[in-house]
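K.L.:
I'd like to ask some things about the structure below.
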Amino acid sequence: MADLICPFCGNLGPEGAPLCPACGGPLLAAGTQVGPLPAARDSCPECGAEIPDPGNLVCVECLKPLTRPQDRAAGTRRDAPRTLLLEFPGGRVTVPPGGSAVLGRDPAISDYARVFQRFENVSRLHATLRVDHGGSAWVRDEGSTNGTFVNGVPAVTGEAISLHDGDLLRLAADVEARVRLGEDTHG
């Protein structure tokens, strides 16, 4: 069987495991990509390997922690815990580091149902958000009727798509929120 690697945190997973033990993201065969990835913009300062996704927390070759150029310039740590904040027209959704949230209109399924109650085009169980302890965030469509979109690109049901600060997350045709990932101030 091929090596399994987490596309969200870069950790190697045990053979046959469906989820990363470090962040809970789906494990994929090495070289498999999740959704459209931006072109490489940097290289690892430790080994010089190309960084295929600027959202990577670790180098995919040597597994050393990475910092982004803007983080180095600002003097912030790349691995600082980050909270996901989304302001939808119906209200705010906040996901702390290590947390997850189910989005949808059914209060028995989603703690955020009140945010989506007036939007009949949002499914009762629409999507799941997750932020790992390192600050990487993703969204997964849960088989919604009208779709989940990141920057206009439709999500494939059951597949996680990385979220980055500034991305546009849309549920159905018109329920939008700008992705904000900021340092955790609660802990």
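The values are calculated or read from the model by the stated rules, or taken from the named source; none is laboratory data. Just so you know, these numbers come straight off a predicted model, no measurement behind them. Because the Cβ atoms are built from the backbone with ideal geometry, glycine has one as well, and the counts that use them run over all protein chains shown. What goes into the accessible areas is simple: the full protein's heavy atoms, side chains included, and nothing from ligands, DNA or RNA. Shrake-Rupley method; radii C 1.70, N 1.55, O 1.52, S 1.80 Å.
K.L.:
Looking only at Cα atoms, what is the convex hull volume of the stretch 96-175 per residue, in Å³?
P.N.:
Working: hull volume 6.9 nm³, N = 80.
About 86 Å³ per residue, rounded to a whole number.
K.L.:
Same structure, new question: Leaving out ligands, DNA and RNA but keeping every protein chain, what accessible area does Ile109 have, in Å² rounded to the nearest 10, with a 1.4 Å probe?
P.N.:
70 Å²
K.L.:
Return P(r) of the stretch 145-187 (all Cα-Cα pairs; 5 Å bins starting at 0; whole %; ordered from short to long distances).
P.N.:
Reading the bins upward from 0: 6, 21, 27, 21, 11, 8, 5, 1.
K.L.:
Right, another one. Arg114 to Glu46: extension gain in nm, 0.36 nm per residue of separation minus the Cα-Cα distance?
P.N.:
Details: separation 68, 0.36 × 68 = 24.48 nm, distance 4.70 nm.
Using 0.36 nm per residue and subtracting the Cα-Cα distance, I get 19.8 nm.
K.L.:
Extension gain Asn121-Asp174, at 0.36 nm per residue separation less the Cα-Cα distance, in nm?
P.N.:
So the chain would gain 18.2 nm between Asn121 and Asp174.
K.L.:
Would you mind getting me the FRET efficiency between Glu15 and Thr145? Use the beta-carbon distance for r and R0 = 35 Å, nearest 0.05.
P.N.:
On the way: r = 36 Å, r/R0 = 1.04.
Efficiency, from the Cβ-Cβ distance: 0.45.
K.L.:
Mind giving me the nanometre distance, one decimal, between the label points for Asp106 and Thr94, set 7 Å out from Cα along Cα→Cβ?
P.N.:
Computed distance between label sites Asp106 and Thr94 equals 2.7 nm.
K.L.:
Let me ask something else. First obtain the Kirkwood hydrodynamic radius of the stretch 121-167 from its Cα pairs, then insert it into the Stokes-Einstein equation at 37 °C and 0.692 mPa s, and state the resulting D in µm² per second as a whole number. Could the numbers behind the result be given before it?
P.N.:
Details: Rh = 11.0 Å.
So the translational diffusion coefficient is about 298 µm²/s.
K.L.:
Could you run the Karplus curve 6.51 cos²θ - 1.76 cosθ + 1.60 with θ = phi - 60° over the stretch 108-118 and give me ³J(HN,Hα) per residue in whole Hz, x for Gly and Pro?
P.N.:
6, 10, 10, 5, 9, 4, 4, 5, 10, 3, 7
K.L.:
Moving to a separate point now. Accessible area of Asp165, 1.4 Å probe, to the nearest 10 Å²?
P.N.:
Approximately 90 Å² for this residue.
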